[in-house]
Amino acid sequence: MNEIDPARRFSSEAVRKIETPASGEAPGGMNDVARQVASQYRRDTMSPIMVSGVLRIVEFAVLFLSGLLVYFNYVGFFTYLAWQYPLTIASASFLAVLLLDVTDCYQLPSLMRPIVSLGRILVVWAGTFALMALTAFVMKMSGDYSRLVFGTWFVVGFALIIGLRVVMSRLIRRWARDGRMERRAVIVGGGKAAEILIRSVEKQPYNDIRICGIFDDRGDKRSPPIVAGYPKLGTVSELIEFARIARIDMLIVSLPVTAETRVLQLLKKLWVLPVDIRLSAHSNALRFRPRAYSYIGSVPMLDIFDKPINDWDSVAKRAFDIVFSLIGIVVFSPVMLATAIAIKLDSKGPVLFHQKRHGFNNEVIEVYKFRSMYTDKADPTAKQTVTKNDPRVTRVGRFIRKTSIDELPQFFNALLGSLSLVGPRPHAIAAQSHNLLYNEVVDGYFARHKVKPGVTGWAQINGWRGEMDTNEKIRMRTEFDLYYIENWSLLFDLKILLLTPLRLLNTENAY
């Protein structure tokens, strides 16, 4: 990863196909080459932020455990200063990790070159022991601790950190080579500006960017089909479809800030995608303070949109879903069992109803519900909205729909990961209002899918649940969903979850 691997670029055969798209164009969408490229990036990658975060935890554990083992070896198993030694060792381990973080020892270039960072790591580790010694001196406790224990731990701990980082550097290089740890970027806008941007990114040592292609609305005269070895895969509208297939992390718009109208047109199309959107600032005449930019190496970028609920936030939200889904399944299991029996006694057919809905990034997912309609009148596509006194709904169905008991099986969806407990409610893929699909009613409707949909949501506890019989209701539900996405936090999720049972008492719009 000293530079972007030339093998990442496309073969001459792929280039020829791009240059003659008419022969391989998929009807009404991307050309065949773009679809093929997108399929190569279906697999999720490991985030460098997550990798460095896990390394922090591992290094803390390694330092703490090695310190305890040295203590046990020289002093005995909790025979002297039984809580003071472990507390001191834990504090020193935490301080060392904190100082390594402050000195950028968890940044990708440092992880890739552990021997180059050896001096900095030694200074940090020595500084940790110096602060420990100073604290013990001030507290008049230095005579209580064994110098042999801490001297041995200093040598052992330093050797373990270096050894761990040598192993980590080899793993990172292998993951980068295999495409398992990288940030996938698409360039929006071609021509000379895109070429300058690509060359600048390629010059950055130890960067983790993989350029997947270029999308531009302009014709080949103004935007060549091949730029710096990367193909133009299609238009910006086709980029939306591309990003629904490929796991893209970042869109880099290579247009000058001064092209305000065109930039705004692009962003209006692209903001619905669950990706980071950056505006390349490397060739802009406007100059802001350095802290106004984010950087790929030394290439400045203006942050336009950030992917919501990313990296450690996604880990926290997934843990939240698993814990509270299990609690929900245990607490409501008697209700679910009674409901299943009632449905079976009331009408013929299966207890559960499976419905295809739009999930994260517009993917189609299957959602579980208790069956509330007669089997021969069921509408899996939800093309016809359920209305008040709808003859398709069974007697048991009316009750479980009003009380939202029909949604309880979605705890299993949340446990398995196709849904989150809290998020925008997923709509059926063919749901309509006045013969219009929801995305035809609300501009930017698919921005709801930038996060995983939920069993309950901010819109639902604010009264926007049940029948969506007017365009205004769809707009308001979307507005509340977007507010949730922009203001997400675990506390916000917990608030929505706790308020849901109370707000479900209002059954006015539930049929």
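Please treat every number below as a calculation from the coordinates, not as lab data. Because the structure is predicted, anything quoted here is derived from the model rather than measured. Neighbour counts run over all protein chains shown; Cβ positions are idealised from the backbone, glycine included.
Between 0 and 90 degrees, rounded to the nearest ten: what's the tilt of helix 312-346 against the longest Cα principal axis of the chain? It works out to around 30 degrees. Under the simplified labelling scheme, the Val335-Val323 pair shows an inter-label distance of 2.1 nm, with each label point 7 Å from Cα along Cα→Cβ. Comparing Gln36, Ile89, Val236 along the charge dipole axis of the chain, the residue lying farthest to the positive side is Gln36, per the Cβ-charge model. For an R0 of 45 angstrom, estimate the FRET efficiency from the Cβ-Cβ distance between Arg43 and Thr261 and round to the nearest 0.05. Efficiency at R0 = 45 Å is approximately 0.75.
Rounded to whole numbers, the Karplus 3J(HN,Hα) couplings from phi for segment 358-372 are 7, x, 4, 6, 6, 5, 8, 10, 10, 10, 8, 9, 6, 5, 10 Hz, using 6.51 cos²θ - 1.76 cosθ + 1.60 with θ = phi - 60°, and x at Gly and Pro.
Secondary-structure-derived ellipticity at 222 nm for the chain, considering helices only, amounts to -15500 deg cm²/dmol, per-run term -39500 (n - 2.57) for DSSP H runs with n ≥ 4. Axis angle, to the nearest 10 degrees, between helix 191-202 and the longest C-alpha principal axis of the chain: 40 degrees. Expressed in Å, the radius of gyration and Dmax of the Cα atoms of the chain are 28.1, 85. Neighbour counting of Cβ atoms within 10 Å sorts the residues Leu270, Leu131, fewest neighbours leading, into Leu131, Leu270. Pairs of Cα atoms nearer than 8 Å and 6+ residues apart set the relative contact order; for the chain it is 12 percent. Ranking Ser110, Gly191, Tyr145 by Cα position along the charge dipole of segment 93-202, where only Lys, Arg, Asp and Glu carry charges on their C-beta atoms, puts Gly191 farthest toward the positive end. Backbone geometry of segment 169-186 corresponds, through the Karplus equation with coefficients 6.51, -1.76 and 1.60 at θ = phi - 60°, to 3J(HN,Hα) couplings of 5, 5, 5, 4, 4, 5, 5, 5, 5, 7, x, 8, 9, 6, 10, 8, 10, 10 Hz, x marking Gly and Pro. About its Cα centre, the dipole of the chain is roughly 260 debye, where the only charges are +1 on Lys and Arg Cβ and -1 on Asp and Glu Cβ. What angle, in degrees between 0 and 90 and rounded to the nearest 10, separates the Cα long axis of helix 48-74 from the longest principal axis of the Cα atoms of the chain? Once rounded, the angle reads 40 degrees. Between the listed residues Val331, Phe320, Ala342, the Cα displaced farthest toward the positive end of the dipole of segment 300-395, a dipole computed from Cβ unit charges relative to the Cα centre, is found at Ala342.
Neighbour counts of C-beta atoms inside 10 Å place Cys212, Cys105 in the sequence Cys105, Cys212, starting with the fewest.
Scanning the chain for GluC sites (Glu not before Pro) that sit in a DSSP loop and have at most 16 other Cβ atoms within 10 Å, the longest stretch containing none of them is 4-362.
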